[in-house]
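Some notes on the structure that comes next.
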Amino acid sequence: MASAKERRFEITGGALCLDLANTVDNRPTLGRELLVDYADLVAWGQQAGALSQRQVRALSAAAERGPGRARAALARARSLRETLFRLFSRTTAGRSPDRADVGALDAALGVAAARRRLVDVGSRLELAWSPEAEGSLDLPTLAATLSAVELLTSPRLERVRICQARDCDWLFLDASRNGSRRWCDMSVCGNRAKVRRFRRRVRPAERRARPAQAAASRANACSSSRRATR
Ligand SMILES: [Zn+2]
């Protein structure tokens, strides 16, 4: 069951589509897959706020009934994730999106939009998933698709950043007042950068004079790279 798996995801992107793109750790170096099986996709969807408890139970049960279908749905989620990473990493660099990626997202939008419906909630209408979508193993992917289309066509796109840590490449929406956020997560990449800056400032002679302290500093730097080791 997905709910018993309890893989913990860092939800720091500020938008569902960016959090899906961030389900690969250390993309430029290790490229560590965090969506190893369908249960991971359900756990991610729940933690990222895309799935309710009821939907988690329904998708987990459906995956148990059809493991082959669940694997295919996971492959579609990973494929969308790579499309989103390429689209957003290009836009953050001021480059035009690749036409093939736009076409892929456009096709995904067609599928997702066809699974939305209007529901009457008293004095107003809301958009909700159709019963077909509610029972679909693709529900997390459909939700991430709509999130991506909304963000790519919104002024907030200018606030999408890519983490400046060399080995990270996570995407995030910069909600800081002056738009100066540099790290996906200050407690991970920000701290590692701070440790590196500190080590550059410590003079070699000072290091030689305090070998034990220098060793402790190295140990601290290693322990803070938890994304590569967890
Ligand atoms: Zn980062």
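FYI, it's all coordinate maths here, none of it is from the lab. Worth saying up front: this structure is predicted, and the values here are computed from it rather than measured. Note: ideal-geometry Cβ built from the backbone for every residue, glycine included; neighbour counts use all protein chains shown.
When +1 charges are put on Lys and Arg Cβ atoms and -1 charges on Asp and Glu Cβ atoms, the dipole computed for the chain relative to its Cα centre reaches about 1720 debye. Starting from one equal scatterer on each C-alpha and no solvent at all, send me the Debye-based log10 I(q)/I(0) for the chain at q = 0.14, 0.15 Å⁻¹, two decimals. Taken in order of the listed q values, log10 I(q)/I(0) reads -0.93, -1.03. For residue 132 and residue 47, the FRET efficiency from 1/(1 + (r/R0)^6), where r spans their Cβ atoms and R0 equals 25 Å, is about 0.50.
For the peptides 187-195, 24-32, the ranking by mean Cβ contacts within 10 Å, running from highest to lowest, is 187-195, 24-32.
Distance between the modelled labels on residue 118 and residue 186, one decimal in nanometres: 4.5 nm (7 Å Cα→Cβ projection). Gain on full extension, evaluated as 0.36 nm per residue between residue 64 and residue 154 minus their Cα-Cα distance, stands at 28.6 nm. Each part gets one Cα centre, and for region 168-200 versus region 87-104 those centres are 23 Å apart. Put a plus charge on the Cβ of each Lys and Arg, a minus charge on the Cβ of each Asp and Glu, and nothing anywhere else: the dipole of region 1-99 about its Cα centre is then about 280 debye.
Between residue 54 and residue 106, the distance separating the two model label sites (each 7 Å from Cα on the Cα→Cβ line) works out to 3.6 nm. Comparing mean-square fluctuations of 147, 176, 89 from a GNM of the chain with C-alpha springs under 10 Å, the top value falls on 176.
Modelling each spin label as a point 7 Å along the Cα-to-Cβ direction, I'd like the residue 175/residue 197 distance in nm, to one decimal. That separation, rounded to one decimal, is 2.4 nm.
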